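The values are calculated or read from the model by the stated rules, or taken from the named source; none is laboratory data. This is a predicted model, so every value here is computed, not measured. With ideal geometry, Cβ positions are generated from the backbone for all residues, glycine too; neighbour counts draw on all protein chains shown. Protein only, heavy atoms only, side chains kept; ligands, DNA and RNA dropped before computing areas. Shrake-Rupley method; radii C 1.70, N 1.55, O 1.52, S 1.80 Å.
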Amino acid sequence: MDFITMIINGLSIGGTYAIIALGYTMVYGIAKMLNFAHGDIIMVGGYTIVLFFPISPVVGIIASVIFCVIVGIVVEKSAYKPLRGASPLAVLITAIGVSKLLQSAAQIFIGSESKGITVNLGEIKMGSVKISVLTLITILCSIAVMVALTLFVKYTKTGRAMIAVSEDRGAAQLMGINVNFIIMITFIIGSALAAVASVFLVFKIQDVGPIFGAMPGIKAFAAAVIGGIGSIPGAMVGGVVLGFIEAVCGMIPPITPYTDAIEFAILIIVLLVKPTGFLGKKRREKV
Amino acid sequence: MALLEVKNLDVHYGVIQAIKNISFEVNEGEIVTLIGANGAGKTTTMQSIMGLIHPSRGEIYYNGQKINNIPSHKIVKMGMTQVPEGRRIFSELTVYENLVMGAYTRKDKDGIEKDFKDIYALFPRLEERKNQIAGTLSGGEQQMLAMGRAIMSKPKLLMLDEPSMGLSPLLVDQVFEIIKHFHSLGTTILLVEQNANKSLAISDRAYVLKNGEIVRAGTGAELLANDEIKKDYLGG
Ligand SMILES: Nc1ncnc2c1ncn2[C@@H]1O[C@H](COP(=O)(O)OP(=O)(O)OP(=O)(O)O)[C@@H](O)[C@H]1O
Ligand SMILES: [Mg+2]
């Protein structure tokens, strides 16, 4: 019984991390930058849901996706695009700056005390195991999102162009691919995924503050690195692995307080053994 | 009016000047070759034309239109593309998907369909391996794929950067046959080669690039017969 609960928890936590990790990994693969503000897009999504939730949960979810995408586009256009071709360090510092800017803006305009909602979707009984409906929805939606994204990348013109740009930007341009457009699409997808993750997280935690996205963001980043940053299946694998570690730690009370430390220790071990992560590749950089 | 005209081009990498005031042109229907040794500036010239590198001075005209500040993807749409040095196929995509990427700018489904047939007829190996991941192809097959991919954009002007590099003599012959084939179908060709023998033989005109400067120009036959060229570029 405990075992089944653990699997279900692992999948639910892992699915959420995977969805966030996909945003990191796609932006890294295609725009060649670490978008440290990605976690804070989750915070934007979280506040949006809290704000619109009284109208209706569905309106909250839709508004969250729209807001996250808008913020993603604005950040890309105003902060990252002007730095295309600049040194990676300049881009990294800018991304950290954007992250702090979003957190401070939330603190100033919304306040530092957290805002909450109350959601109870109930539980269903499967044999002797009780599973919360939210957990089940999280798992099913995560799987649906990952399948949809995989199909999109594999079978659409824009999806294939994303692979082409991530592999060789110059050669992609020789195909007539507008790299800036593809990067913009990547930010839109990444932000929409962050919004989906924010829905899962807000419904679970029921409390949003200015640093709401920081911890899930950094964990998902670790997941992306464990899976091999730049690799889409890698982000999925990394997310689920981290989710399972968290679920296992959560079920063994003596080590539960050390969950975060254990996760990051595993990140370090993975990087020592395989610096490129599970599914990552060494890449050549070309003009 | 020339199809492609390069005027007084300077290109710098930081403080290093790789291209020094070069001018040349390619007329519609021609095969033109730039020959030059390692580091002469051939790739730099090709990438500047495609907008992948930004020249510090000079103009590039395509069909009379200045294209210096036009982004690469729009230049491709205007009817130019390049088979880059080192092939640079998309190794994670299948052979088929690479060819689809070549047709990225096109909307004419029927035309694309027909070009797929033509390319598979010309390169049966690519058809046999169409569902294979391109990174697993041999060097020769990758070169064929790079050429097929470029042709899928239906270019008026096709540029090839050392397409024979690293290939066996048999494959080198095949590459030149294919270039002649596309030329006979009406594609204008700008070729870059280090080994000048075969390229001069098929060229209407050629330019010799040395340390970033054009030091000689003439018809393919003239340069092929020139003693200095023979000594420097033809291995004898
Ligand atoms: N990215 C770069 N940064 C700095 N210098 C460069 C860069 N690329 C090329 N160069 C220099 O510019 C000059 C011209 O290089 P280019 O690659 O255009 O020559 P090439 O004729 O294509 O040579 P090859 O036959 O080896 O391909 C060389 O001296 C080279 O060292
Ligand atoms: Mg070169």
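Would you mind telling me which numbered condition in (1) in a helix (DSSP H, G or I); (2) open to solvent by 40 Å² or more (accessible area, probe 1.4 Å) A:T276 fails?
Condition (1) is where A:T276 drops out.
Restricting the search to segment B:160-207, which residues are within 13 Å of ligand 1 (Cβ to nearest atom) and over 15 Å from the mean Cα position of the chain (by Cα)?
Selection gives B:G166 alone.
Within segment B:1-20, work out how many residues are open to solvent by less than 40 Å² (accessible area, probe 1.4 Å) and either among the small types (G, A, S) or within 11 Å of ligand 1 (Cβ to nearest atom) (or both).
4
Taking segment B:184-218 as the search range and keeping residues that are assigned to a helix (DSSP H, G or I) and of a type in the set (S, T, Y), which one is farthest from ligand 2 (Cβ to nearest atom)?
So, considering only residues that are assigned to a helix (DSSP H, G or I) and of a type in the set (S, T, Y), the one farthest from ligand 2 (Cβ to nearest atom) is B:S184.
Only one of these conditions is not met by B:S91: (1) within 8 Å of another protein chain (Cβ to nearest Cβ); (2) closer than 30 Å to B:R57 by Cα; (3) outside any helix (DSSP H, G or I). Which number is it?
So the condition that B:S91 fails would be (2).
Those residues that are within 11 Å of ligand 1 (Cβ to nearest atom) and assigned to a strand (DSSP E or B), I need them from segment B:21-40; list them, please.
Correct list: B:L34, B:I35, B:G36.
Only one of B:T43, B:T81, B:T105 is at pLDDT 95 or above, away from ligand 2 (no atom under 16 Å from the Cβ) and either assigned to a helix (DSSP H, G or I) or more than 16 Å from the chain's Cα centre (by Cα) (or both). Can you tell me which?
Unique residue meeting the criteria: B:T105.
Going by what's in this entry, would B:R125 be described as of a type in the set (D, E, K, R), within 14 Å of chain A (Cβ to nearest Cβ) and part of a helix (DSSP H, G or I)?
So B:R125 fails the test.
Could you grab the pairs with beta carbons closer than 7 Å, sequence gap of 6+ or different chains, first residue in segment B:39-62 and on the phi < 0 side of the Ramachandran plot, second one near ligand 2 (Cβ under 9 Å from one of its atoms) and assigned to a loop (DSSP other than H, G, I, E, B)?
Listed pairs, sorted by first residue: B:T43/B:E85.
Does A:V145 fit the bill of being farther than 29 Å from A:A172 by Cβ and among the hydrophobic types (A, V, I, L, M, F, W, C)?
no
Quick check: anything in segment B:164-183 assigned to a loop (DSSP other than H, G, I, E, B), surrounded by 18 or more Cβ atoms within 10 Å (Cβ to Cβ), modelled with pLDDT of 95 or more and within 16 Å of ligand 2 (Cβ to nearest atom)?
For segment B:164-183, residues assigned to a loop (DSSP other than H, G, I, E, B), surrounded by 18 or more Cβ atoms within 10 Å (Cβ to Cβ), modelled with pLDDT of 95 or more and within 16 Å of ligand 2 (Cβ to nearest atom): absent.
So B:L145 passes all but one of these: (1) surrounded by fewer than 17 Cβ atoms within 10 Å (Cβ to Cβ); (2) in contact (Cβ under 8 Å) with a residue 24 or more places away in the chain. Which condition number does it fail?
(1)
Here is a yes/no grid of residues against (1) at the interface with chain A (Cβ under 8 Å from one of its Cβ atoms); (2) not hydrophobic (A, V, I, L, M, F, W, C):
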site	(1), (2)
B:G41	no, yes
B:M46	no, no
B:G58	no, yes
B:K66	no, yes
B:V76	yes, no
B:P84	yes, yes
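Against the condition within 14 Å of chain A (Cβ to nearest Cβ), touching a residue at least 12 places away in the same chain (Cβ under 8 Å) and either touching an Asp or Glu at 6+ places or on another chain (Cβ under 6 Å) or not in a helix (DSSP H, G or I) (or both), how does B:K154 come out, does it pass?
yes
Going through A:V75, A:V27 one at a time, which residue ends up being surrounded by 23 or more Cβ atoms within 10 Å (Cβ to Cβ) and over 13 Å from the mean Cα position of the chain (by Cα)?
Testing whether each residue is surrounded by 23 or more Cβ atoms within 10 Å (Cβ to Cβ) and over 13 Å from the mean Cα position of the chain (by Cα) leaves just A:V75.
What single numbered condition from (1) assigned to a helix (DSSP H, G or I); (2) within 12 Å of another protein chain (Cβ to nearest Cβ); (3) buried (at least 21 other Cβ atoms within 10 Å of the Cβ) fails to hold for B:L52?
Every listed condition holds for B:L52 apart from (1).
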